[in-house]
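First up is the structure itself, then whatever we jot down about it.
The values are calculated or read from the model by the stated rules, or taken from the named source; none is laboratory data. On a predicted model such as this, the values are computed, not experimentally measured, just so you know. Every residue, glycine as well, gets a Cβ built from its backbone with ideal geometry; the counts of neighbours run over all protein chains shown. SASA here: full protein model, heavy atoms, side chains in, ligands and nucleic acids out. Shrake-Rupley method; radii C 1.70, N 1.55, O 1.52, S 1.80 Å.
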Amino acid sequence: MTDKKQVTENRRILQIAIPSIISNITVPLLGLIDVTIVGHLGSPAYIGAIAVGGMLFNIIYWIFGFLRMGTSGMTSQAYGQHDLNEITRLLLRSIGVGLLIAFCLLLFQYPILHLAFTFIKTTPEIEQLATTYFYICIWGAPATLGLYGFAGWFIGMQNSRFPMYIAITQNIVNIVASLCFVYLLDMKVAGVAAGTLIAQYAGFFMALWLYMRYYHTLHKRIVWKEIIQRQAMYRFFQVNRDIFFRTLCLVMVTMFFTSAGAAQGEVVLAVNTLLMQLFTLFSYVMDGFAYAGEALAGRYIGAKNQTGLRSTVHHLFYWGLGLSFLFTLLYSVGGKSFLGLLTNDISVIAASDSYFYWALIIPLAGFSAFLWDGIFIGATATRQMLYSMLVASASFFGIYYGFHSLLGNHALWLAFLVYLSLRGIVQTFLGRQIMRKVIVP
């Protein structure tokens, strides 16, 4: 009986994790496709414009990622409680808030871009092309932020297949539309931006269609006045506020890592960027299991099933530990060959030898942070999640500035790995509070 329960729990985890991993892998393809298309237009300025424009939108949408995470946690709990009315209200609240934020972005698009270019120093040609890209893609904000609500809601409903279908559809539409605009209509950067814009709305309308097609029975449960009920809205914004500030800390650490590397020269920046690809690859996989943690932890907490919650946490960490050892082995055997695929610059490859062992530590140092993030989001324990991020971020900057003069770029990697580890360690201690939330009736 115990073996059957373990198989069932592993199956539930993998049913959410695998489609989520596929979705995560397809996300950077949108940007990669854009760069590949403009990379054949004959001028490096086009690549620079896409890089700058893409970076701006990554930062903007990253900050508002709470729309997906907060919705996922609250929806999974309502799912566990079988509260269909609240499930419906949560989707409409999330999409409504997302569209309101998108309206504000559209309203303030000119000052946002002006502020961005006060910090980003580039050539006049790249700035002009990036401006064109920005003013087209910004109109995709309603689709992108609305889709965040749908994605979080689908995951909370234990359904990660629909976000995967949407991500694949977006990439197909983006490839076809961008190629047509660039090579048939000669629109260049504007064509790439238009292709991205169309792909964003294709994803949003597909999400809307999937909801109407497979969740149509929830329509009768919509009571508009209850959607903006005061206490429910307060909880919605309280949860998302904590995730918002937690994400700001994450963005600050990530941007500082890049900036500090750049200050040490082109070779160090290139080495750090390449080695971070190993972290990014690992994060795509672990995020998939974090999504499983969001969906299942919230479901069991909503159902007041402490046994199920503990089983999910244990199984997630079995997977996390196993995958960490696997990635460490893969990186130790083939990591340098992977770097060779990314660049043929001999000086960069040679310089990476001094820092490569830091990349080997990443999986074991970071896996628990990813898993606990998912569990905490499912439990809507966002305040504790914020506390752990504040401690870890403070340690990152403290270690870097404390050891930079002595260790140079090694201090940056030491600080980053301590930051990753501390997130997991602090959340491990705070995780006991999550178990206490499950009051068995």
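Checking the conditions here, which among 145, 115 is open to solvent by 20 Å² or more (accessible area, probe 1.4 Å) and either free of Cβ contacts under 8 Å to residues at least 24 places away in the same chain or touching a helix residue (DSSP H, G or I) at 6+ places or on another chain (Cβ under 9 Å) (or both)?
The conditions single out 115.
Given the options 429, 403, 396, 327, name the one that is closer than 20 Å to residue 280 by Cα, open to solvent by 10 Å² or more (accessible area, probe 1.4 Å) and either part of a helix (DSSP H, G or I) or modelled with pLDDT of 95 or more (or both).
327
Under 8 Å between Cβ atoms, which residue pairs at least 6 apart in sequence (or on different chains) link something in segment 316-339 that is closer than 23 Å to residue 374 by Cβ and of a type in the set (Gly, Ala, Ser) with a partner that is open to solvent by 30 Å² or more (accessible area, probe 1.4 Å) and in a helix (DSSP H, G or I)?
So the pair list comes out as 324/364.
Does residue 374 qualify as being within 18 Å of residue 298 (Cβ to Cβ) and at pLDDT below 90?
For residue 374, the condition - within 18 Å of residue 298 (Cβ to Cβ) and at pLDDT below 90 - is not met.
Give segment 116-175 a look and list any residue that's among the charged types (D, E, K, R) and in a helix (DSSP H, G or I), or say none.
Once the filter is applied, which keeps residues that are among the charged types (D, E, K, R) and in a helix (DSSP H, G or I), segment 116-175 yields 125, 127, 161.
Kindly provide the set of residues from segment 260-280 that are touching a Phe, Trp or Tyr at 6+ places or on another chain (Cβ under 8 Å) and either without any contact (Cβ under 8 Å) to a residue 40 or more places away in the chain or outside any helix (DSSP H, G or I) (or both), ordered by number.
276
Does residue 359 satisfy the criteria of being surrounded by 16 or more Cβ atoms within 10 Å (Cβ to Cβ) and either among the acidic types (Asp, Glu) or under 16 Å from residue 272 (Cα atoms) (or both)?
Yes, satisfied.
Can you pull out the residues in segment 381-393 that are in a helix (DSSP H, G or I) and not β-branched (Val, Ile, Thr)?
Answer for segment 381-393, where residues must be in a helix (DSSP H, G or I) and not β-branched (Val, Ile, Thr): 383, 384, 385, 386, 387, 388, 389, 390, 392, 393.
Going through 211, 234 one at a time, which residue ends up being open to solvent by 10 Å² or more (accessible area, probe 1.4 Å), among the hydroxyl-bearing types (Ser, Thr, Tyr) and free of Cβ contacts under 8 Å to residues at least 12 places away in the same chain?
Result: 234 is the single residue among 211, 234 that is open to solvent by 10 Å² or more (accessible area, probe 1.4 Å), among the hydroxyl-bearing types (Ser, Thr, Tyr) and free of Cβ contacts under 8 Å to residues at least 12 places away in the same chain.
When segment 168-208 is examined, which residues are found to be surrounded by 18 or more Cβ atoms within 10 Å (Cβ to Cβ), closer than 27 Å to residue 95 by Cβ and aromatic (Phe, Trp, Tyr)?
The answer is 201, 204.
With the checklist (1) over 16 Å from residue 24 (Cα atoms); (2) in contact (Cβ under 8 Å) with a residue 24 or more places away in the chain; (3) aromatic (Phe, Trp, Tyr) in hand, flag the one item residue 162 doesn't pass.
(1)
Say we look at segment 14-35 and pick out the residues that are of a type in the set (S, T, N, Q) and open to solvent by less than 70 Å² (accessible area, probe 1.4 Å); which of these is modelled with the highest pLDDT?
The qualifying residue modelled with the highest pLDDT is 20.
Of everything in segment 95-105, what is of a type in the set (Gly, Ala, Ser) and free of Cβ contacts under 8 Å to residues at least 60 places away in the same chain? Give them in sequence order.
The answer is 98, 102.
With the structure loaded, tell me whether residue 244 is farther than 25 Å from residue 326 by Cβ, open to solvent by 70 Å² or more (accessible area, probe 1.4 Å), of a type in the set (Phe, Trp, Tyr) and outside any loop (DSSP other than H, G, I, E, B) or whether it fails that test.
No; evaluated as a whole, the condition is false for this residue.
Residue 83 fails exactly one of the following numbered conditions: (1) surrounded by fewer than 19 Cβ atoms within 10 Å (Cβ to Cβ); (2) more than 21 Å from residue 379 (Cβ to Cβ). What is the number of that condition?
Against the list (1) surrounded by fewer than 19 Cβ atoms within 10 Å (Cβ to Cβ); (2) more than 21 Å from residue 379 (Cβ to Cβ), residue 83 comes up short only on (2).
Could you say whether any residue in segment 362-380 is part of a loop (DSSP other than H, G, I, E, B), among the small types (Gly, Ala, Ser) and under 23 Å from the mean Cα position of the chain (by Cα)?
So far as segment 362-380 goes, yes, one or more of its residues are part of a loop (DSSP other than H, G, I, E, B), among the small types (Gly, Ala, Ser) and under 23 Å from the mean Cα position of the chain (by Cα).
Taking the stated definitions as given, is residue 434 surrounded by 24 or more Cβ atoms within 10 Å (Cβ to Cβ) and β-branched (Val, Ile, Thr)?
No, not satisfied.
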